Amino acid sequence: MKVLIVEDERKTADYLYQGLTEQGCAVDLAFDGIDGQHMALHFDFDVIVLDVMLPGLDGFSILKSLRSVKNTPVIMLTARDGVEDRVRGLQDGADDYLVKPFSFLELLARLQALTRRGRSQESTLLRVGDLRVDLISRKAVRGSQRIDLTAKEFALLAVLARRQGEILSKTVIAELVWDMNFDSNTNVVEVAIKRLRAKIDAPFGHSLLHTSRGMGYVLEDRGGEAGE
Amino acid sequence: MKNSIAVRLALMFAAAAMVGFALVGGALHRVLANELMRHQQEQIDGRLEDISYMLQHGRTPNLGERIGDKLETLNAADPRTRSWMWSENPAFRYGDDMPEPVAAMQSRDGVEVSVGTPPRPMRVRVRTLSATEARPEVRFMAGVDAEPFSDTLRAFETALALLTLAGTALAAALGYWIARIGLGPVQRLSADAQRIGPGNRAQRLQLPALPRELADLGASFNAALDRLDAAYRQLETFSDDVAHELRTPLANMIGQTQVALARPRNAGELQEVLQSDLEELERLRAIVADMLFLARAEQGVRARGLVASSIAAEVGKTVEFLDLLLDEAGMTVQVEGDAVAPIETSLFRRALTNLLQNAIQHSQPGASVLVRIGQHERSAEVSFSNPSAQIGSEHLPRLFDRFYRVDTSRRNSGENHGLGLSIVKAVALMHNGGVFARSDGGVTTVGFSVALDA
C-alpha cells in the first residue's frame with residue numbers, strides 16, 4: 001500500500017512513517033502544504049493522510065485541488081474537534097477524518113478500511129490456526145470440536161477473524177459488534193473477550209486470542225507455544 | 001451610550017407641557033376670535049339698524065339726500081365705521097365714488113372689502129329694503145375697520161407663542177431637576193454595584209436601602225450574582241478536579257518510566273513499561289476527549305443529522321451492549337413506554353449507556369433497573385430508576401456537574417472518570433432538552449429529555 005502523509009508536526013510524521021512502514025506500507029512524507037499538494041497531484045498513492053493545519057497551504061485547499069483531478073482516498077487529521085471542520089472536510093470530498101489525539105491503531109484500521117473498499121468479496125470461511133469460522137452457517141469449530149457461541153460472541157469472533165493479525169482497539173470492537181460509535185468507558189469488551197476466550201482458547205491449551213496491553217485484542221496463530 | 005434618563009425625562013416633560021400649552025392656547029385663541037367677531041358684528045348691525053329705521057320711516061320728499069347727509073355725519077363722527085347706500089335711483093346713492101364697496105353691495109356677498117389709501121380691510125354687511133311709495137328699492141351696507149381686531153388677535157397670538165415657549169423651557173428645566181432627584185437611588189445602586197469584584201464575590205446590593213421600583217432590579221441582580229458565583233466556584237473546583245484527574249496518570253507514567261530507565265532493562269521489561277504508559281495515556285486521551293466534548297456542547301454546538309427514532313429501540317440496543325455487565329451483576333432491566341424523537345443516534349446511545357452504567361454501578365447485585373420512556377407535548381424523556389440508598393437533595397442537582405461525587409471520599413474507579421452524567425447533560429443540551437434526578441423511597445431516578453421539534 002502506497003501512502004502519502006502530509007503533516008508538519010515532525011514527531012507525528014515520524015511515528016506515522018515508522019508505524020506504517022512496519023505494517024508494510026510504502027510511505028512518503030511531506031512537511032508542508034506546498035510539497036504535499038505537489039506530491040499528491042503528481043504521484044499516485046493508494047491513500048493520503050492529510051493534516052488540516054499546514055504551513056503554506058491548508059489541508060482543505062490541497063483536498064480541493066486533488067479532487068479536481070483524482071479520487072485518491074483521503075483521511076483528514078484535525079486538531080480542532082470542530083464539527084465545522086468535519087463537515088467541511090467531508091463536503092470537500094474527504095473519505096474519512098480523525099480528531100487529534102487519535103490512536104495509531106484507529107488510523108491503521110481506517111486506512112485499511114478505505115483501501116479495502118470496493119475489493120472483491122472476502123471468503124466466508126475463515127481460518128485462524130486450527131480454528132475455523134463459517135460466516136454463512138455461523139459455526140465455529142476448533143480442531144474437530146464444535147464451539148457453542150452466543151450470537152454476540154460469534155459476532156465478536158467473526159470481527160476478530162476477519163481481521164486476524166490486526167490489533168483491534170476496544171472502541172473499534174464496540175463499534176463493529178454492538179454498533180456503539182463512541183468511547184464508552186465501559187469494560188464490556190473486556191468481559192466479552194474474557195468469555196470468548198474461555199470458550200475458544202481455554203479448553204485447547206493453545207491461545208489464539210491475544211491481548212495487546214493498552215492497544216486492544218488480536219486473533220492470530222502465533223505458532224506452537226502454549227498459553228500467553 | 002443612550003441619552004441620560006434625566007435628559008430624556010426632561011425632554012418628555014417639555015413635550016408634554018408644550019402639548020398642554022398648545023391645546024389651552026388654541027382654545028383661548030378661538031374664544032377670543034369669536035368674541036372679537038361678535039363685537040364687530042354688533043357694531044355693524046347697530047349701524048344697519050339706524051339706516052334701516054331712517055329709510056323705513058322717512059317721509060320727506062328728498063329722503064335720499066337727507067339720508068346721505070346723515071351718513072356723511074356718521075362717517076365723519078367715527079372714522080372706524082363707514083356706510084354706503086346704492087339704488088337704481090341716483091338720488092338714493094351715497095359713497096358711490098368708491099368702486100369696491102359698490103361692487104360688493106351689488107354682488108351682495110362681500111364680507112370684507114378694502115377702502116381708502118392705503119387700502120384698509122373693512123368687515124361689511126349688506127341689507128336690501130324693498131321699494132315703498134316714498135322711494136325705490138335700496139341696498140345699503142355698513143362696515144367696521146377690521147384692523148384693530150386683527151391687531152388684537154395678532155398680539156394675543158404672539159404672547160401665546162412666547163408664553164408656550166417659556167413654559168416649555170421651564171417644564172424641561174424642572175423635569176430635569178426632578179428626574180435628577182428621582183434617579184438618586186440609581187446612582188447609589190451603581191456605586192453599590194461598583195464595590196463588587198472578584199475580590200469580594202460575597203458582596204451584594206443593599207436591598208432594604210432601595211425604593212420599591214428598584215428593589216426588583218436589585219433582587220434580580222443579586223440573583224444573577226449568585227448564579228455567576230456558583231458557576232465561578234464550579235469552574236474553580238473544575239480546574240482543580242481536572243488537574244487532579246490528569247495528575248494521577250501523569251505521576252504513574254513519570255514514576256514508572258524513571259524506575260525503568262534507572263537500570264539497564266531487557267526488552268521485555270521495557271515493553272512492559274511502554275504498555276503501562278500506553279494505558280495511562282489512553283486514560284488521559286479519554287479524559288481530554290470527553291472534556292472537549294463537554295466544552296463543545298457548552299459552546300452551543302447542537303446535534304446534527306437528527307433521525308426520528310424509537311427511544312425504546314435505542315434503549316434495547318444499549319441494554320444489549322451492556323448485557324454482559326448486567327449479567328455479571330445479576331441485574332435485569334425492564335422497559336416501560338416508548339416515544340419517537342429526532343435524535344443523533346450515536347450521541348443518544350452514549351447518554352443511554354452512561355445512564356445504564358451509572359445505574360449498574362450504584363445498585364446492589366441482583367437488582368432490577370426500570371427504564372421509563374415518556375412522551376410530552378414538546379419533549380420526550382427517558383429515565384433510569386434503580387434501588388439505592390437515599391441521595392441527599394443537596395446533591396441531586398449537582399449530580400450532573402463534572403467530576404461531582406456524592407461521596408467525596410470515594411476513589412476514582414478509573415473506569416469512569418466522573419464525567420458520565422455530565423456527558424448525559426451535554427447530550428440533552430445538544431438535543432435542546434434537560435436532565436433531572438430524584439431520590440426517594442429507596443429508589444434513585446436519573447434521566448434526561450430531548451426536544452421533539454428540534
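The values are calculated or read from the model by the stated rules, or taken from the named source; none is laboratory data. All figures in this text were calculated on a predicted structure; none of them were measured in a lab. Here Cβ is always computed from backbone atoms with ideal geometry, including for glycine, and neighbour counts include all displayed protein chains.
Among the residues of the stretch A:187-199, just one is more than 11 Å from chain B (Cβ to nearest Cβ) and within 10 Å of A:ILE147 (Cβ to Cβ), namely A:LYS199. I'm checking my understanding of the structure. Among residues of the stretch A:200-217 that are within 17 Å of the chain's Cα centre (by Cα) and buried (at least 19 other Cβ atoms within 10 Å of the Cβ), which one is farthest from the other protein chains (Cβ to nearest Cβ)? By that ranking, first place goes to A:TYR217.
Among residues of the stretch B:223-239 that are under 15 Å from B:ASP401 (Cα atoms), those with a Cβ under 9 angstrom from a residue that is assigned to a helix (DSSP H, G or I), sequence gap 6+ or separate chain, pair up as B:TYR232/B:PRO198; B:GLN234/B:ARG398.
For B:GLY300, the test of being within 13 Å of chain A (Cβ to nearest Cβ), more than 30 Å from B:VAL333 (Cα to Cα), without any contact (Cβ under 8 Å) to a residue 40 or more places away in the chain and outside any helix (DSSP H, G or I) is passed.
Test of understanding: among B:ASP240, B:ASP229, which residue is closer than 28 Å to B:PRO185 by Cβ, assigned to a helix (DSSP H, G or I) and either at pLDDT 85 or above or not small (Gly, Ala, Ser) (or both)? Just one listed residue meets the conditions, B:ASP229.
Taking the numbered list (1) exposed (fewer than 15 other Cβ atoms within 10 Å of the Cβ); (2) at pLDDT below 80; (3) more than 28 Å from A:GLY214 (Cβ to Cβ); (4) more than 14 Å from chain B (Cβ to nearest Cβ) in turn, A:GLN91 passes all entries but (4). Please give the number of the condition B:LEU270 fails out of (1) loosely packed, with under 15 Cβ neighbours inside 10 Å; (2) touching a helix residue (DSSP H, G or I) at 6+ places or on another chain (Cβ under 7 Å); (3) over 17 Å from A:GLY214 (Cα atoms). Failed condition: (3). Quick one: in the stretch B:303-333, of everything that is among the aliphatic types (A, V, I, L, M) and away from chain A (no Cβ under 14 Å), which residue is farthest from A:ASN187 (Cα to Cα)? Checking each candidate, the answer is B:ALA308. With respect to the conditions (1) surrounded by 16 or more Cβ atoms within 10 Å (Cβ to Cβ); (2) modelled with pLDDT of 90 or more, B:SER368 falls short on a single one, namely (1).
Restricting the search to the stretch A:13-23, which residues are free of Cβ contacts under 8 Å to residues at least 40 places away in the same chain and either β-branched (Val, Ile, Thr) or surrounded by fewer than 19 Cβ atoms within 10 Å (Cβ to Cβ) (or both)?
Applying the first criterion (free of Cβ contacts under 8 Å to residues at least 40 places away in the same chain) to the stretch A:13-23 yields A:13-14, A:17-18, A:21-22.
Correct list: A:ASP14, A:TYR17, A:GLN18, A:THR21, A:GLU22.
A single member of B:ALA219, B:ALA260, B:ALA215, B:ALA243 is among the aliphatic types (A, V, I, L, M) and either touching a Lys or Arg at 6+ places or on another chain (Cβ under 7 Å) or surrounded by fewer than 14 Cβ atoms within 10 Å (Cβ to Cβ) (or both), and it is B:ALA243.
Residues of the stretch B:119-172 that are touching a strand residue (DSSP E or B) at 6+ places or on another chain (Cβ under 9 Å) and assigned to a helix (DSSP H, G or I): B:GLU147, B:PHE149, B:SER150.
Each row is one residue, and each column tells you yes or no for (1) outside any loop (DSSP other than H, G, I, E, B); (2) surrounded by 19 or more Cβ atoms within 10 Å (Cβ to Cβ).
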{"position": "A:ILE136", "(1), (2)": "no, no"}
{"position": "A:VAL141", "(1), (2)": "yes, no"}
{"position": "A:ARG146", "(1), (2)": "yes, no"}
{"position": "A:ALA155", "(1), (2)": "yes, no"}
{"position": "A:ALA161", "(1), (2)": "yes, yes"}
{"position": "A:GLN164", "(1), (2)": "no, no"}
{"position": "A:VAL172", "(1), (2)": "yes, yes"}
{"position": "A:ALA198", "(1), (2)": "yes, no"}
